[in-house]
1. Top to bottom by accessible area (1.4 Å), largest first, where do B:113, B:262 land?
2. Can you pull out the buried accessible area for chains B and A, both sides counted, probe 1.4 Å, rounded to the nearest 100 Å²?
3. Need the C-alpha centroid separation for segment B:254-288 versus segment B:221-243, integer Å.
4. Who wins for biggest fluctuation among B:162, B:269, B:105 in a Gaussian network model of chain B, springs between alpha carbons below 10 Å?
5. Run the numbers for residue A:230 and residue A:218: contour at 0.36 nm per residue of separation, minus the present Cα-Cα distance, in nm.
6. Quick one: work out Rg over Rh on the C-alpha atoms of chain A, Rh as Kirkwood radius.
7. Give me the orientation-averaged projected area of the Cα convex hull of segment A:162-205, in nm², one decimal.
8. Mind checking which of B:143, B:233, B:47 has the largest fluctuation in a GNM of chain B, springs on alpha carbons under 10 Å?
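The values are calculated or read from the model by the stated rules, or taken from the named source; none is laboratory data. Nothing here was measured: the structure is a model prediction, and the numbers come from that model. Cβ atoms come from the backbone with ideal geometry, glycine included; neighbour counts cover every protein chain shown. Ligands, DNA and RNA are stripped out before the accessible areas are found, and what is left, the full protein with its side chains, is counted by its heavy atoms. Shrake-Rupley method; radii C 1.70, N 1.55, O 1.52, S 1.80 Å.
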Amino acid sequence: MKIHEYQAKEMFSTYGIPVEQSIVCRSVEDAVKAYSRIDSQKVIVKAQVHTGGRGKAGGVKLANDEIELRRHAAAILGMDIKGFRVDRILVGQAVNIAKEYYVSYVIDRRSKSAILMLSKEGGMDIEQVAKETPEKIHKFAIDPLVGVPDYLAREAAFKLFDDVNQVRKAAVIIQKLYKLFVETDASLAEINPLVLTQEEEIIAIDAKMTFDDNALFRHPKIAALNEPTEEEKKELFAKSKGFSYVHLGGEIGCMVNGAGLAMATMDIIKLYGGNPANFLDIGGSSSPTKVIEAMKLLLSDKNVRVVLINIFGGITRCDDVAKGLLEAFDQIKSDVPVVIRLTGTNEKEGRALLKDTDLHVAKTMSKATRIAVELAEQHQI
Amino acid sequence: MSILIDKSTKLIVQGITGRDGGFHTSKMKEYGTNVVGGTSPGKAGEFVDDVPVFNTVRDAVNKTGADTSVIFVPAPFAKDAMMEAADSGIKLIVCITEGVPTLDVVEAHSFIKSKGASLIGPNCPGLMSPGKSLVGIMPSMVFMEGRTGVISRSGTLTYEVVYNLTENGIGQSTAIGVGGDPVVGLYYIELLKMFENDPETDSIVLIGEIGGDAEEQAAEYIKNHITKPVVAFIAGQQAPPGKQMGHAGAIISSGSGTAAEKIAAFEAVGVPVAKEPKEIPQLLLSRK
């Protein structure tokens, strides 16, 4: 889950990581008021959206006086950045940057730990730096049972600074950021850039935090900051029903048990010349109610011309799925043809239940997919 | 032989009195797994399908000599369960639980390693050595004893692949679902090494999916260290970037972790990649 820069900066402040003075605003008038409260003539106006590349899109501007501030605030509020509408801006003190650095913590699959990443190439797209000049990025794997001791924070800070006073200041920030990362169950805590000002202060002038969805249950305050997009709302609704859903836009709706099999089903639809409408994993145990909800979700997509159900019964029992489908069709009236593949636990019972229905029943994944693709072609609008 | 589990495996079930724990205890016993005990704090003295329940893993290990544990406790308690198993002398810990916070796994994994034990999962279907032992939730009827090792990040997709193998007369030595989360225990490289050293495994099927770069690392490892034929399958070619496809670990981030990159990595080292699970048996037979 993502949060906005201003929310991440509030967390930074709480943990004692220095940030510039800034105020979040929802209107030009708010911005003018904020400007009068900030102890600086020059301010930066930044769009608050859940995407990168704000600067390039014109969502970050420097204002030297109130007239410029009004102009920038008016231009940025309401702006569309990569499909996100800007409804908030952050008005912050402009600092005199001497140098920019990069500092982050992220989960590393390979070392199975959090890693600290630092670079003197701050303010840049770090993925590009990693690709083109990987030697400019320094990495430290963090032992979760030890955390970031003083010596390690110092060693890391020396990768960025030569002056020992600056190293001491940066080391403290490095330790505090780790504390924040761990205590909030983040999957990313990033300062890009961390700046050295001309006044020799070290402060975070941008802040990015992403959180582990699996850990939100123990962070209700963070969970409350979630602002899902329309598409994500549908995904969250699906999640509340116990399955995962991703919209793809094709014409063959899929319902599958298990994420890997669901991905493979999408791929095979494409391989056979069709287009998957979605990814839908109904999960391990599938009660009839779950199947009904899944069916409703699929049919709410008006592009769907065929539904393909691929069930490999392990924990999921094929007869449960069949019962769910029969109930679903009692409740939902639809002309959309349904192809179903049932293999595994109680497959015979499941197939027997569907014998006298209009459903197309197939024994293998390939056969079912082929039928679905053919039906989709026949039902071209 | 087989890897990790066989007829001598002595298993305990953590969370045996729960719905899933109880159900799968019976299934594993039915298959012939030696389930020697289970744990559930406060329920010592009870039995689940004739299996004795203990309050702590240490009690269970002391009384039964268990060496392997399978975990069915809810996600908020999974870290503690994994650590308890390692601290009590369990050598192989298999965590089925889905939705465990990543940092919990990081911490538990580090602790397990310090105790000299191994972890499989979390968010995995477990593992199975057909004809010998089943630890986890795999549907035993699709498996067949044989000489092909299977390693996968997924559950039902593993069954699909195994089903295709069995239908074509190709049995399995051991099949392992390593788990779909970003951070899990034993992974491709450790398991490839075990299969390479197992005299009763002749070939290996590797089932990968989008997210991370473990498949690319596996391809590199195969090139340098594996002499047995390997066939791969990668799920998620149609997955859009930035979207998590069910598994917490299945996400293409900043254009990396795509199926195309993984397929190219395998093909570059001479590992054929099946276009659909149905193709895997032919590819295996052609490589033997």
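1. Details: B:113 140, B:262 0 Å².
Ranked list, largest accessible area first: B:113, B:262.
2. Summed over both sides, the interface buries about 4200 Å².
3. When both Cα centres are located, 6 Å separates them.
4. Highest fluctuation among the options: B:269.
5. On the way: separation 12, 0.36 × 12 = 4.32 nm, distance 2.52 nm.
Here the answer is 1.8 nm.
6. Working: Rg = 26.3 Å, Rh = 24.0 Å.
Using only Cα positions, Rg/Rh for chain A is 1.09.
7. Values: hull surface 13.4 nm².
Value for segment A:162-205: 3.3 nm².
8. B:47
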